[in-house]
Structures are given as C-alpha cells and as structure tokens.
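> One structure follows; several queries about it will come next.
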Amino acid sequence: MPHAFSRPTAYVERVLEVVEAIPPGSVMSYGDIAEYLGEGGPRQVGSVMSAWGGAVCWWRVIRTDGTPPFGHEAEALTRYAAESTPMRPSGDRVDMHRARWDGGAPPAHMGQPEDGPAR
C-alpha cells in the first residue's frame with residue numbers, strides 16, 4: 001500500500017514551509033505545526049515528515065515531551081548542540097518551554113504558488 005503522502009500535496013508543501021521557517025535553536029512539536037496550519041494533526045504532520053522531511057530541518061520537529069525524532073536521536077542531539085538549542089538538564093530532551101517557536105506571523109507566501117498572486 002502506498003504511503004498516504006507518496007506524492008507531494010498542497011498540505012505537504014505547507015507543512016514543509018513551516019518546518020523551513022523554524023529558526024535555528026528553536027523547535028515545534030508535530031501538534032504545534034498542525035495547530036499553526038489549522039489542519040491535520042500530529043500524526044498527519046508525522047507522516048509528512050516521515051515521507052518528505054529529509055529535505056528540511058527535520059530535527060526541529062519533535063514530540064511534545066522534547067524528545068527527538070525516533071531513530072534519529074544521536075544526529076538530532078548533535079544538531080541541537082550545534083544550534084545551541086536549549087536542553088533539559090538530562091541533556092537528552094529539548095527544553096520545550098525555552099525552545100518552542102510559536103511561528104510568529106506566517107510568511108506572506110505560505111500556501112501560495114512560488115509565483116503567487118501579484119501584490
């Protein structure tokens with residue numbers, strides 16, 4: 001059975017745009033991204049990241065408890081250190097209180113084609 005997001009859809013593009021906008025040293029949870037977009041949920045965002053996340057800063061999308069993406073913990077922890085991402089005292093989880101990015105205002109082009117409408 002093909003993956004639900006075996007081809008990039010408009011939803012996939014919107015998720016990846018949000019991920020690309022997360023600043024270094026900051027993170028969003030899967031649910032944060034779904035809430036920011038106002039569609040889907042954590043599992044749908046996780047499916048997008050599983051299928052397409054390798055092309056973006058995937059380590060900045062984590063579980064709500066601050067744990068890095070399953071199966072990629074070692075690489076994610078290295079990237080967190082390089083970006084000075086705030087960590088919990090244990091050092092194995094991101095400090096969500098300090099590192100969570102609220103998304104600010106969405107980029108003007110979000111959800112629009114590259115050559116979007118004239119302004």
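> Towards the positive end of the charge dipole of segment 10-98, with charges on Cβ (+1 Lys, Arg; -1 Asp, Glu), say which of SER26, LEU77, LEU16 has the farthest Cα.
LEU77
> In segment 10-98, what is the volume of the convex hull around the alpha carbon atoms, normalised per residue and reported in Å³? List each step's numbers first, then the result.
Details: hull volume 7.6 nm³, N = 89.
Residue-normalised Cα hull volume stands at 86 Å³.
> Please find the FRET efficiency linking ALA82 to ASP102, where r is the Cβ-Cβ separation and R0 is fixed at 25 Å, and quote it to the nearest 0.05. Please list the in-between numbers first.
Numbers: r = 23 Å, r/R0 = 0.91.
Efficiency, from the Cβ-Cβ distance: 0.65.
> Quick check: residue separation of THR9 and GLU35 times 0.36 nm, minus the Cα distance between them. What number comes out in nm? Write down the numbers at each step before the final one.
Numbers: separation 26, 0.36 × 26 = 9.36 nm, distance 1.83 nm.
The span from THR9 to GLU35 would gain 7.5 nm if fully extended.
> Once you keep just the Cα pairs under 8 angstrom separated by 6 or more residues, what percentage relative contact order results for segment 1-70?
Working: 71 pairs, mean separation 24.8, N = 70.
Reported relative contact order: 35 percent.
Values quoted throughout were computed directly from the atomic coordinates according to the rules given, and no laboratory measurement underlies them. A quick note: this is a predicted structure, and the numbers were derived from the prediction, not measured. Neighbour counts run over all protein chains shown; Cβ positions are idealised from the backbone, glycine included.
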